[in-house]
1. What are the residues in region A:166-218 that are more than 28 Å from the chain's Cα centre (by Cα), more than 12 Å from chain B (Cβ to nearest Cβ) and either within 15 Å of B:R84 (Cβ to Cβ) or assigned to a helix (DSSP H, G or I) (or both), if any?
2. Could you check, for region B:61-71, whether at least one of its residues is closer than 22 Å to B:S205 by Cα, under 21 Å from the mean Cα position of the chain (by Cα) and β-branched (V, I, T)?
3. Pull up region B:243-264, narrow it to residues that are closer than 17 Å to B:L210 by Cα and hydrophobic (A, V, I, L, M, F, W, C), then point me to the one that is surrounded by the most Cβ atoms within 10 Å (Cβ to Cβ).
4. Criterion first (hydrophobic (A, V, I, L, M, F, W, C) and closer than 30 Å to A:F60 by Cβ) does B:A37 satisfy it?
5. Just one of B:G175, B:G149, B:G158 is assigned to a helix (DSSP H, G or I) and in contact (Cβ under 8 Å) with a residue 60 or more places away in the chain; which is it?
6. Quick check: is even one residue across region B:65-74 within 14 Å of chain A (Cβ to nearest Cβ), on the phi < 0 side of the Ramachandran plot and touching a residue at least 24 places away in the same chain (Cβ under 8 Å)?
7. Condition first: part of a strand (DSSP E or B), surrounded by 17 or more Cβ atoms within 10 Å (Cβ to Cβ) and among the aromatic types (F, W, Y). Can you find one or more residues in region B:12-22 that meet it?
8. For region B:84-98, enumerate the residues that are within 8 Å of another protein chain (Cβ to nearest Cβ) and closer than 16 Å to B:Q150 by Cβ.
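Derivation of every value follows stated rules applied to the coordinates shown; laboratory data play no part. None of the values given here were measured: they were computed from a predicted structure. All Cβ positions, glycine included, derive from the backbone under ideal geometry; neighbour counts span all protein chains shown.
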Amino acid sequence: MSNSMIIGQYVPGTSLIHKLDPRTKIVIIFFYVIVVFFANNVLSYGLLTTFVIITIISTFIPLRFIIKGLTPVWFLIIFTFLLHLFLTKEGPVLFEILSIKFHLGGVIQGLVISLRFCLLILMTSLLTLTTTPIEITDAIESLLHPLKKVKFPVHELALMMSISLRFIPTLMQETDKISKAQASRGVDFRTGPLKERMKAIIPLLVPLFVSAFKRAEELAMAMEARGYQGGEGRTKLRELTYRKKDLFIFILFICVVALLIYVRS
Amino acid sequence: MDITFKNVSYTYQPNTPFEHNALKNVSFHIPSGSFIAIIGHTGSGKSTLIQHLNGLLTPTKGEVKIGNYTLSSEKKLREMKELRSKVGVVFQYPEHQLFEETVEKDIAFGPENFGVPTSTIKKRIEEIMPKVGLSNDFLSRSPFELSGGQMRRVAIAGVLATNPSIYVLDEPTAGLDPKGQKEMMDMFYQMHQEEEITTILVTHSMEDALKYADYIIILNQGEKYMEGKPEEVFLRESDIQKVHLQVPESIQFLKKYNEKFGTQLPLTRQSTKEIAAQISRTL
């Protein structure tokens, strides 16, 4: 069903990237996303591309799998490239087809924007590929902790996040199961006029909602039975701790950024 | 309708790190009108196998033949809806598929999709309700206000209403009370006998497999591990225990009894009562 979607899919592993503190990864990604926009010449883009490629290789996730995960966004990348190709009228004319002039500036601009897109998506999907959803929520809770002083419900937000993340696969499975049961009863989700297909959603949605509500109720009961009362005074099973490798990666990243600022024109 | 599996393999999420071979080179033949039990440990590929029987999955390799319909990776089956109207699948916990406002509408949902005229559906519902052990008062009620067992019966009625010539039952009795379990199985067995409906039962209950099935297929890690008549298969106790399954208690008992008292009581598909009668005769 969602074979080509890798955003949000975790691939277990034991690489250095997998073992980093999730907070390190989130902070680095956060700054990386900003830094990508600093690059403005061949050297700086080359540096970033090398950085991304080395990171991908060091996760030991098969390259084929990562590239396949880009399939949903290929369209977007190609679309932006074409947009720049046609609309940017800068630099000398390269060639002319059917009286449309293609400028060198357009080609370069298109390539640069597409590359920037790839750099952003590859790196951010690496975060979810190497970090379990639970780790990400823990990291966000810990990073947002200072906001507690202004009465921001950090723990509740994190709990909501982890519960929703936890139930995505369950709901996907449930959807798959119910759609198969209804398909066996003659519902056709794939062909037929749009109106009919819209109608076919009802036998899928009603049971899904029923079971989701039931599940929510059961979960609430199970949490209460185990004495859950909210974040106050609650200890953690997995404490997040920064280690030497986090420091190492941070320094490495700062070096890359410094180098980037040095080589950019 | 005959069912034939020819070297069927199925792979989930091929070419990803999550690749999983759920079925490996499985072949067997089910003659029309027989009662087959498919047993195996959790994760042995039973659920994957039965999804091939009405085209929910098509084999990655090999070929599945159900009557005149062929499922293979090369060609897409055009008459998928026709096939699905002939194969009635009762999934695990079928009550999760209920969605209509009334029991009657929900039972009619399947046959309506397959284009059965309304008058025929009405007639069928009237016949089916007593078979699944529900009175006609239920028809106007909402399926969501029924008890778990009643919901299960409604869901099963919904599958029976399409009048299939093959039943595929994936643990139809899981989660029912013992009395309900027996009633449900007896009902399916009766329909199988009366109307010669080919029945494929996936079960964890060796007792049910012994009691109802003419033929047993044991799966282990996606491969066909053993097949044969129940009274033959269950004699190979050590082989069965190797794949973490248990021999039915009645057979275990009979074997131990024969060993201990040097008797030669035959192993057939007799019930506990019949065993007791046989023993009392030898005493």
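1. A:L194, A:K195, A:R197, A:M198, A:E217, A:E218
2. Within region B:61-71 (the criterion being closer than 22 Å to B:S205 by Cα, under 21 Å from the mean Cα position of the chain (by Cα) and β-branched (V, I, T)), the answer is no, since none of the residues qualifies.
3. Restricting to residues being closer than 17 Å to B:L210 by Cα and hydrophobic (A, V, I, L, M, F, W, C), the top hit is B:I251.
4. no
5. B:G158
6. yes
7. For region B:12-22, residues part of a strand (DSSP E or B), surrounded by 17 or more Cβ atoms within 10 Å (Cβ to Cβ) and among the aromatic types (F, W, Y): absent.
8. Of everything in region B:84-98, those that are within 8 Å of another protein chain (Cβ to nearest Cβ) and closer than 16 Å to B:Q150 by Cβ turn out to be B:P94, B:H96, B:Q97, B:L98.
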